[in-house]
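Student: To start, I am sharing the structure in question, which I have written as structure tokens.
The values are calculated or read from the model by the stated rules, or taken from the named source; none is laboratory data. Nothing here was measured: the structure is a model prediction, and the numbers come from that model. Cβ sites come from the backbone with ideal geometry, for glycine too, and all protein chains shown count toward neighbours.
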Amino acid sequence: MATKKTPSPKPAVKPAVKAVKTAQVTTKTAKVSTKTTKVATKSNKTTKAAKPVKAAKAAKPAARELVVLVGTRKGAWILRGDAKRKTWALEGPHFHGHVIQHLVMDPRDGRTLLASAKTGHLGPTIFRSTDFGRTWTEAERPPAFDKAPEGEVGRSVDHTFHLVPGPDDEPGSWYAGTSPQGLFRSDDGGKTWRGLPGVNDNLTMRPWMGTVQDGTPDGPKLHSILIDPRDRKHLYFGMSGGGFHESTDGGQTWQPLLDGMQVVGGFDDKEPTFHDPHCVRLSPGNPDRLWQQNHCGIYRLDRPGTTWQRVGMKMPKKVGDIGFPIVVHPLDDDTAWVFPMDGTDVWPRTAPQGKPAAYVTRNGGRTWQRQDQGFPPEQAWWTIKRQAMTRDDCKRVGLYVGNTQGELWASADEGESWRCIARHLPEIYSVETGWKA
């Protein structure tokens, strides 16, 4: 599919760094202009002033391209969009045959990609590209648990599930969450990884992790690694079947944030270690507000409070507030989207009644509106996994969902209408967006 060459859509927030550079260029050219307009006087005679040198125009920032990154059960794909997000060019597969749990772009340079990969023969690893997917290099030391002392049974990483770029002022830093649950960090752009002892080696964390049998059908996972943009030492993460946790010292120590969350049915509600957050997001417009899609409903937490409020009770009863993903508006912390699934009886994990739809709240969860225009009206028995729904940061926010049937759907009007922009892919595990430099 040909991509029309048109200017890239403007993001909702313009990069401050580029503005600073532009200002510096303008200042320098202004100084040159001032020197050339000085007037020399001698014996009361005025010398004709030299014509001022025109200030050089500030260089325009390089055009950026909106891309959608898709991880699937059998490889990875990249979509490039035109300025109006109407035409998309599909590229791939990368890593054909590999299970790609997560494909993420580093927003700090707009070129670096990290992919979490696994095959039945090669095991789990991380691949890194610094030229936006033209070439890839495998991590020298991917995430791995330390060897257990003699006589003890150790743990081994089945796959890396979740990848997150580190703070803006720590270029090259990344975090990774694994299955079984482990937290890792890289400080060299993903080449080598080390475990965080405050999680991986802390015996008090083990009861929260449970066993493989306690996890989801795809295995227990550490996910939703969040970094407070105001304080890089303020971290959060979620675990399937293991609650939601907070650190204020860069990951050395952790405390659970569970108050208000319902315990999964069938487990002792007095037992604090079994809570099942599916996806947690921090509001970019207000980092003190967190949104959570849980096994037991939709929740919101307003810091410095420590009690989650269940805000999904106003969802239609026939639909419920069970699902995997949740997405938050980049500027409006009252606006969030979810994609419900059937969580009744044996947990079919399909669209309720076979009628897929997103739901949006624009008032902090007090009310919810259905958004299904463009989706199949019936007999569509698919769902969206926890990392397979995301947004862009255009002025009119775009939404993207990848389903278990290998379809990628997009909305350029904040969910009011949807259309399928890619079909016939393998089962989609993750969807992310980025601005390619």
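Student: Taking the stretch 299-327 as the search range and keeping residues that are aliphatic (A, V, I, L, M) and assigned to a loop (DSSP other than H, G, I, E, B), which one is nearest to residue 402 (Cα to Cα)?
Tutor: 322
Student: Scan the stretch 181-191 for residues that are in a loop (DSSP other than H, G, I, E, B) and either under 14 Å from residue 237 (Cβ atoms) or polar (S, T, N, Q) (or both) and jot them down.
Tutor: 181
A quick yes/no check of all residues on (1) assigned to a strand (DSSP E or B); (2) aliphatic (A, V, I, L, M):
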site	(1), (2)
121	no, no
124	yes, no
127	yes, no
143	no, no
148	no, yes
177	yes, no
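Student: Separate question: How many residues does the stretch 248-265 contain that are within 19 Å of residue 277 (Cα to Cα), of a type outside the set (A, V, I, L, M) and touching a residue at least 40 places away in the same chain (Cβ under 8 Å)?
Tutor: So the answer is 5.
Student: Let me ask something additional. Could you list all residues from the stretch 107-123 that are surrounded by fewer than 22 Cβ atoms within 10 Å (Cβ to Cβ) and not polar (S, T, N, Q)?
Tutor: Listed by number, the residues that qualify are 107, 108, 109, 110, 111, 118, 120, 121, 122, 123.
Student: So is residue 346 β-branched (Val, Ile, Thr) and either touching a residue at least 40 places away in the same chain (Cβ under 8 Å) or at positive phi (or both) or not?
Tutor: The answer is no for residue 346.
Student: Determine if the stretch 368-382 includes at least one residue that is touching a residue at least 40 places away in the same chain (Cβ under 8 Å), within 21 Å of residue 78 (Cα to Cα) and not in a strand (DSSP E or B).
Tutor: Within the stretch 368-382, none of the residues are touching a residue at least 40 places away in the same chain (Cβ under 8 Å), within 21 Å of residue 78 (Cα to Cα) and not in a strand (DSSP E or B).
Student: Quick one: which of 367, 344 is over 30 Å from residue 235 (Cβ atoms), modelled with pLDDT of 95 or more and over 23 Å from the mean Cα position of the chain (by Cα)?
Tutor: Testing whether each residue is over 30 Å from residue 235 (Cβ atoms), modelled with pLDDT of 95 or more and over 23 Å from the mean Cα position of the chain (by Cα) leaves just 367.
Student: If you take the residues in the stretch 287-313 that are β-branched (Val, Ile, Thr) and in contact with an Asp or Glu (Cβ under 6 Å, 6 or more places away or on another chain), which one is nearest to residue 360 (Cα to Cα)?
Tutor: 298
Student: Still on this model: Search the stretch 200-231 for residues being farther than 22 Å from residue 281 by Cα and either in a loop (DSSP other than H, G, I, E, B) or among the β-branched types (Val, Ile, Thr) (or both), and hand back the single one that is modelled with the highest pLDDT.
Tutor: Ranking the candidates gives 201 first.
Student: Here's a check for you: in the stretch 134-166, which residue that is in contact (Cβ under 8 Å) with a residue 24 or more places away in the chain and either touching a Leu at 6+ places or on another chain (Cβ under 6 Å) or of a type in the set (Asp, Glu) (or both) is surrounded by the most Cβ atoms within 10 Å (Cβ to Cβ)?
Tutor: Taking the candidates together, the pick is 163.
Student: For the stretch 281-300, indicate whether the set of residues that are within 20 Å of the chain's Cα centre (by Cα), within 26 Å of residue 346 (Cβ to Cβ), buried (at least 20 other Cβ atoms within 10 Å of the Cβ) and of a type in the set (D, E, K, R) is non-empty.
Tutor: No; the residues of the stretch 281-300 include none that is within 20 Å of the chain's Cα centre (by Cα), within 26 Å of residue 346 (Cβ to Cβ), buried (at least 20 other Cβ atoms within 10 Å of the Cβ) and of a type in the set (D, E, K, R).
Student: Of a type in the set (Ser, Thr, Tyr), in contact (Cβ under 8 Å) with a residue 24 or more places away in the chain and surrounded by fewer than 17 Cβ atoms within 10 Å (Cβ to Cβ): is that true of residue 178 in this structure?
Tutor: no
Student: Does residue 238 satisfy the condition of being assigned to a strand (DSSP E or B), buried (at least 17 other Cβ atoms within 10 Å of the Cβ) and small (Gly, Ala, Ser)?
Tutor: When the stated conditions are applied, residue 238 passes them.
Student: Could you please let me know if residue 330 is under 18 Å from the mean Cα position of the chain (by Cα), touching a residue at least 40 places away in the same chain (Cβ under 8 Å), part of a loop (DSSP other than H, G, I, E, B) and closer than 28 Å to residue 102 by Cα?
Tutor: Spelling it out, residue 330 is indeed under 18 Å from the mean Cα position of the chain (by Cα), touching a residue at least 40 places away in the same chain (Cβ under 8 Å), part of a loop (DSSP other than H, G, I, E, B) and closer than 28 Å to residue 102 by Cα.
Student: Say we look at the stretch 350-367 and pick out the residues that are in contact with a Lys or Arg (Cβ under 9 Å, 6 or more places away or on another chain) and in a loop (DSSP other than H, G, I, E, B); which of these is farthest from residue 292 (Cα to Cα)?
Tutor: So, considering only residues that are in contact with a Lys or Arg (Cβ under 9 Å, 6 or more places away or on another chain) and in a loop (DSSP other than H, G, I, E, B), the one farthest from residue 292 (Cα to Cα) is 357.
Student: From 345, 334, which residue is surrounded by fewer than 18 Cβ atoms within 10 Å (Cβ to Cβ) and touching a Gly at 6+ places or on another chain (Cβ under 7 Å)?
Tutor: Just a single option satisfies the conditions, and that option is 334.
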